[in-house]
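Novice: Got a structure here, written out as structure tokens. Questions coming.
The values are calculated or read from the model by the stated rules, or taken from the named source; none is laboratory data. Remember, predicted model here, so these are calculated numbers, not experimental data. FYI the Cβ positions are ideal-geometry reconstructions off the backbone, even for glycines, and counts take in every protein chain you see. Just the protein is used for accessible areas: all its heavy atoms, side chains included, with ligands, DNA and RNA removed. Shrake-Rupley method; radii C 1.70, N 1.55, O 1.52, S 1.80 Å.
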There are 2 protein chains.
Amino acid sequence: MKSDRSAGKVTLADVGRVANVSAITVSRALRKPEMVSPKLRQRIEEVVAELGYVPDPVARALASDRTDVIGVLIPSVTNSVFADVLRGIYSGVEGSPFSVQFGNTRYSVLEEERLLRVFLSQRPAGLIVSGIDQSETSRTLLTQARCPVVQIMEMGPAPVDMMVGFSHCDAAYDATRHLIANGYRRIAFFGARMDPRTQRRLEGYLRAVKEAGLFDEGLLITTPRASTVELGCQLLSDLLARTQAVDAIFCNNDDLALGVLFECQRRRIAVPDDIGLCGFNDLEMMAVANPPVTSVRTFRQEMGRRAVEMVLARVAGKDVPQPVVDLGYELMARQSTRGQERMRRGA
Amino acid sequence: MKSDRSAGKVTLADVGRVANVSAITVSRALRKPEMVSPKLRQRIEEVVAELGYVPDPVARALASDRTDVIGVLIPSVTNSVFADVLRGIYSGVEGSPFSVQFGNTRYSVLEEERLLRVFLSQRPAGLIVSGIDQSETSRTLLTQARCPVVQIMEMGPAPVDMMVGFSHCDAAYDATRHLIANGYRRIAFFGARMDPRTQRRLEGYLRAVKEAGLFDEGLLITTPRASTVELGCQLLSDLLARTQAVDAIFCNNDDLALGVLFECQRRRIAVPDDIGLCGFNDLEMMAVANPPVTSVRTFRQEMGRRAVEMVLARVAGKDVPQPVVDLGYELMARQSTRGQERMRRGA
DNA sequence: CATACAAATGTTAGCGCTGTCATTTGTCAA
DNA sequence: TTGACAAATGACAGCGCTAACATTTGTATG
């Protein structure tokens, strides 16, 4: 039996036998070296190396009722915004014994609920979830989770536990104000995949144009489709087919903005003179496009890294002095909006 | 004791107690329903629902010596190419009880080795690794892995187990041939992050230009830096500072190509008339850029999905009729190379 | 040198589940 | 009805590890 299952698997007991100590001492030597005398510790380490012992995380999890896995729920794997957050999360766990398990909610609240249950059944060391629009059930699950929880991407009034994000609404408001300040009056909004964050950007846009008395429903172009560069081209075509009275476009994200830029180039619409263009997220390419495109820089990697740091601190028993962190954003004003200024808000 | 640890946790035994059967019967009702009488099965299912029982994957893993986790090793999380592969992998496991655990090797063979050991210690149901350039040690680990293994992204002569990919070398060869066929003679190669796949693309390029007697070392621009759009701009500037005798550029990937395109626009270099431009991967935006950019389409999502399918088939005990799959590629000839044709190779 | 106490190590009993084998129940032919 | 056999269910042990408690060893003190 044993011979078959554990084919060659070295256990704590094996190490103990060779080193002439009990299994638990080996366990301690590995996890809490200071509890074992230096002499023994060294002998054990030698045997571990010699035998090529690798701790079994599954057994450890069962015995100690905890894992070293941080569960992360994000709505999309492909969206480059989340890819950046992931990178941040990875850099955060790097060098620690923790690993990361992702769940893709695909922008579905129900899928989020389901994944949450799955994750929670695995005794995560911590949980990182996207946004603040969980279902009632999800919130309950998170509240009762016996591990630290971080909500990322947004700020909101009632954090489940900890939170790192920024205000999409304020960011969009500032971007729109920037367009207005630079002389644009007929400012369109392009929004794809109207998820909660996009909705809040729309809110910010609306607040700004309404305040300035520039609101026109005809300038609102939204679609449930996922945003792509091609969609940006299309939305511009759609808009222009409807009206020529547009002098700026605030895009819900940089993919759309890039599409708009290409389409403007094709149609020989001068950016920023005929049309001002502003994106969101400040993807790397925006700064080197032709012309460089104004965008709202968000700190996506930082968000991931901070979230992990908070989880790790809590797991280590430290308390987190600032459990709610507003990372802010930065308006990168560039040529596409006749931009010179550069302002910062939040955090 | 118990009360504290398992706070509210419902176990198989709990379900069994309420349903008046033994724990093992509940286990069977859940895993192999056909082994339990319909009547009992129904009663058990009711109790499971009533109590909100969720199986504990950790305990199951320890007892059965296997998990439902597929380990995936990729060299980068941010690179959009791998993001697409991930999406494919996700769509592959969707609806199955399997989940995915990623490891980021950051293009390091040693990190790959380390992660491999970690993953293997967790009894994965299967392993998906990127490329064919594992270290000797890694190959040994993979060979001895007691689970199916799929190498993705590339084709190679000696698969560890299964393989899904395409020939980067052939793809680059065809792309370069296309440039030559369309009248370009001074064809530069831009390569960033010279990982094995980039190296093979370079090989393909070299084969084509040498065959045509068009090789010039001065047209080879490579850098270990990660590729970005900005880097594309820079490499073009560098090249032009060195020589004006260039009439086409084959970029190692689409990020670089996009940078080159923007820089050409800025410098009023006409694409495709002054300079032909070809990318690699056919990111969505290439088709709608201005002008649309020729690129080599690769089937990244498909690669991920197929890899998962192969693992699942093997886990289910089926045998995989075609354990080595060449997915091929497709040259998307567009305006940036005066392209009309559209050819296919591989698979 | 006995005492007290801390440090170091060991013993025991599971964690929740599943593999294996044993037992019970049901079914059918003779 | 009985026996033979399959189907359904159960008992038991153990996966590899760690928490909690128990014991031993070392060390300082009077």
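Novice: Scanning chain B for GluC sites (Glu not before Pro) in DSSP loops with at most 16 other Cβ atoms within 10 Å, what's the longest stretch left with none?
Specialist: The longest uninterrupted stretch comes out as B:95-340.
Novice: So in chain B, what percent of DSSP beta bridges are antiparallel if you round to the nearest 5?
Specialist: 20 percent
Novice: Continuing with the same structure: Compute the label-point distances linking B:R225 to its equivalents in the other copies; points lie 7 Å from Cα along Cα→Cβ; give nm, one decimal, shortest first.
Specialist: 3.5
Novice: Still on this model: In Å², nearest 100, what accessible area do chains A and B bury in total when the solvent probe is 1.4 Å?
Specialist: Between A and B, the summed buried area is about 4100 Å².
Novice: Choose one answer from A:R41, A:R242, A:R266: the residue with the largest mean-square fluctuation in a GNM of chain A with alpha-carbon springs under 10 Å.
Specialist: Largest GNM mean-square fluctuation: A:R41.
Novice: Using a 10 angstrom cutoff on alpha carbons, build the Gaussian network for chain A and name the most mobile of A:P57, A:P292, A:P148.
Specialist: Residue with maximal mean-square fluctuation among A:P57, A:P292, A:P148: A:P57.
Novice: Take the Cβ-Cβ distance between A:R185 and A:A287 as r, set R0 to 30 Å, and report the resulting FRET efficiency rounded to the nearest 0.05.
Specialist: 0.65
Novice: Given the rule -39500 (n - 2.57) for each run of at least 4 DSSP H residues, summed and divided by the residues of the protein assembly as shown, what is its mean residue ellipticity at 222 nm, to the nearest 500 deg cm²/dmol?
Specialist: Value at 222 nm, helices only: -13500 deg cm²/dmol.
Novice: State, to one decimal in nm and shortest first, how far the label point of A:A13 sits from each corresponding label point in the other identical copies (label point: 7 angstrom along Cα-to-Cβ).
Specialist: Values, ascending and in nm: 2.0.
Novice: Still on this structure: Within chain B, which whole H helices from DSSP have a Cα span along their axis of at least 18 Å and a mean Kyte-Doolittle hydropathy of -0.5 or more, if any?
Specialist: What comes out of the filter, once short or polar helices are dropped, is B:38-51, B:80-93, B:168-181, B:229-242, B:254-267, B:300-315.
Novice: Keeping all protein chains in the complex and leaving out DNA, RNA and ligands, what accessible area do you get for B:L120 with a 1.4 Å probe, in Å² to the nearest 10?
Specialist: Accessible area, nearest 10 Å²: 50 Å².
Novice: Averaged over peptide B:45-54, how many Cβ atoms belonging to another chain are found within 10 Å of each residue's Cβ?
Specialist: Counting other chains' Cβ atoms within 10 Å and averaging over B:45-54 gives 1.
Novice: Can you list, shortest first in nanometers, how far A:Q322 lies from the same residue in the other copies, with each label 7 Å from Cα toward Cβ?
Specialist: 5.6
Novice: I would also like to ask the following. Near B:G16, within a Cβ-to-Cβ distance under 12 Å, what is the net charge of the other residues, with Lys and Arg +1 and Asp and Glu -1?
Specialist: Charge balance in the 12 Å sphere: +2.
Novice: While we're here: Binning every alpha carbon pair distance of region A:181-337 at 5 Å from zero, what are the percents per bin?
Specialist: Bin by bin from 0 Å, the calculated values are 2, 9, 18, 20, 18, 12, 7, 6, 4, 3, 2, 0, 0.
Novice: If the cut-off is 18 Å between C-alpha atoms, which aspartates and glutamates fall inside it for A:K32, apart from same-chain ones fewer than 8 positions away?
Specialist: Excluding near neighbours in sequence, the set is A:E45, A:E46, A:D56, A:D65, A:D68.
Novice: Right, another one. Counting only protein chains, not ligands or nucleic acids, how are B:Y107, A:Y173 ordered by accessible area (probe 1.4 Å), most first?
Specialist: B:Y107, A:Y173
Novice: Also, I was wondering about something else. Given A:I89, A:H168, A:L214, which one lies farthest toward the positive end of the charge dipole of chain A, if we put +1 on the Cβ of every Lys and Arg and -1 on the Cβ of every Asp and Glu?
Specialist: A:I89
Novice: Related question: Using a 10 Å cut-off on Cβ to Cβ distances, tally the other chain neighbours for every residue of B:99-105 and report the average as a whole number.
Specialist: Mean number of neighbouring Cβ atoms from other chains: 5.
Novice: Which percent, to the nearest 5, of DSSP beta bridges fully inside the protein assembly as shown are antiparallel?
Specialist: The answer is about 20 percent antiparallel.
Novice: Given springs between every Cα pair under 10 Å in a Gaussian network model of chain A, which of A:S135, A:S27, A:S91 has the largest fluctuation?
Specialist: A:S27
Novice: Round to a whole angstrom and tell me the spacing of the C-alpha centers of region A:261-299 and region B:108-186.
Specialist: Between the Cα centres of region A:261-299 and region B:108-186 lies a distance of 37 Å.
Novice: So how strong a dipole does region A:42-97 carry about its Cα centre when Lys and Arg Cβ are +1 and Asp and Glu Cβ are -1, to the nearest 20 debye?
Specialist: 200 debye
Novice: Magnitude of the Cβ-charge dipole of the protein assembly as shown, K/R +1 and D/E -1, about the Cα centre, nearest 20 debye?
Specialist: Using only the charged Cβ atoms, the result is roughly 1380 debye.
Novice: Dividing the Cα radius of gyration by the Kirkwood radius, what Rg/Rh value follows for region B:135-220?
Specialist: 1.13
Novice: Heavy atoms only, 1.4 Å probe, whole protein assembly: order A:M35, B:M155 by accessible area, highest first.
Specialist: A:M35, B:M155
Novice: Separate question: Put a dot 7 Å past each Cα toward the Cβ at B:D216 and B:S121; how far apart are the dots in nm?
Specialist: Rounded to a tenth, the inter-label distance reads 5.5 nm.
Novice: Would you calculate the convex hull of the Cα atoms in region A:2-55 and tell me its volume per residue in Å³?
Specialist: 69 Å³
Novice: Here is a follow-up. Just to be sure I understand the curve: with the Debye formula and one point per C-alpha of chain A, what is log10 I(q)/I(0) at q = 0.10, 0.14 Å⁻¹?
Specialist: Normalising to I(0) and taking log10 leaves -0.68, -1.06.
Novice: Please state the charge dipole magnitude for region A:156-310, taken about the Cα centre, from unit charges on C-beta atoms (+1 on K and R, -1 on D and E), reported in debye and rounded to the nearest 20.
Specialist: For this selection, approximately 140 debye.
Novice: Now a separate question. When only the heavy atoms of the protein chains count and the probe is 1.4 Å, how do A:C169, A:C251 rank by accessible area, highest first?
Specialist: Putting A:C169, A:C251 in descending order of accessible area: A:C169, A:C251.
Novice: Also: I want the antiparallel fraction of DSSP beta bridges within region B:157-306, as a percent rounded to 5.
Specialist: So the antiparallel bridges amount to about 0 percent of the total.
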